[in-house]
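Each value in this text was obtained by applying a stated rule to the coordinates, not by laboratory testing. The shown structure was predicted, so the numbers you read here are calculated from the model rather than taken from an experiment. Here the Cβ is made from the backbone with ideal geometry for all residues, glycine too, and neighbour counts use every protein chain on show.
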Amino acid sequence: MEHPRRPTCPQCARPLRTCLCRWVRPVDNLVRVLILQHPREVGEAKGSAVLLQRSLANSWLSTGEQFDTADLETLLHTGNRTSVLLYPEDPGTARAVDNPAIPDEAERLQLVVLDGTWRKSRKLLHLNPALQRLPRLALAEPPPSQYGTVRKAHRPDQLSTLEATCLALAQLEQAPGRYAPLLSAFGGFVGHLAATAEAGAASAEIGERPDEV
């Protein structure tokens, strides 16, 4: 017997219980953002990339693991922008950049973001040599993530895709106030996910104990 499909939101295509539309905060970002999403992140209820992409006016999301070389080069050089990879610097890799932009130069930049777990993002980097050649941007003293209540991090400096991108954009554009509303909304989104998970766990526990009503 087929179970009826859960109703979904027509805007974000998520189940209504985890709809993220109320948390969208439109932002006119100066630095263009290219989000390269690992395929296994598609449909992840706890993922933040869709909320990020829907909020940033100047952004693009592409899904894949090993991208076609020509297609990736096109994405990296859209509008003759200089692409910078948001990723910690490793010895022997492409040069790091502390802050390659000032506000009047921000529109010439593209921030490349890898959306996935730490392991998946490293695989994206390994399988796509063009990404390895990009200059890298590391966040300057990032705050603790709001994500810990819903998704486990393996390192204390690991942030969600949305948090890391907003902090990087604020750093590059020298405009932290521009991204504060979106970061605040993300906190609400995380709280909603945590509450939904708790409610689901409580319902499951009640279902396992028929004598409890």
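I want to make sure I understand the PRE zone here: with the label point 7 angstrom from the Cα of ALA194 toward its beta carbon, which residues in region 12-52 have backbone N atoms less than 13 Å away?
none
Mind checking the full-extension length gain between ARG122 and GLN174? Use 0.36 nm per residue of separation minus the Cα-Cα distance, one decimal, nm.
Length gained between ARG122 and GLN174: 15.9 nm.
Once label points are set 7 Å from the Cα along Cα→Cβ at both ALA140 and CYS21, what is their separation, rounded to one decimal in nm?
In this crude label model, ALA140 to CYS21 measures out at 4.0 nm.
Quick one: if the Förster radius is 30 Å, what FRET efficiency do ARG14 and GLU105 give, using the C-beta to C-beta distance and rounding to 0.05?
Efficiency, rounded to the nearest 0.05: 0.20.
For region 16-62, taking Cα atoms only, what is the radius of gyration to one decimal and the Dmax to the nearest whole Å?
Radius of gyration, then largest Cα-Cα span, for region 16-62: 11.1, 33 Å.
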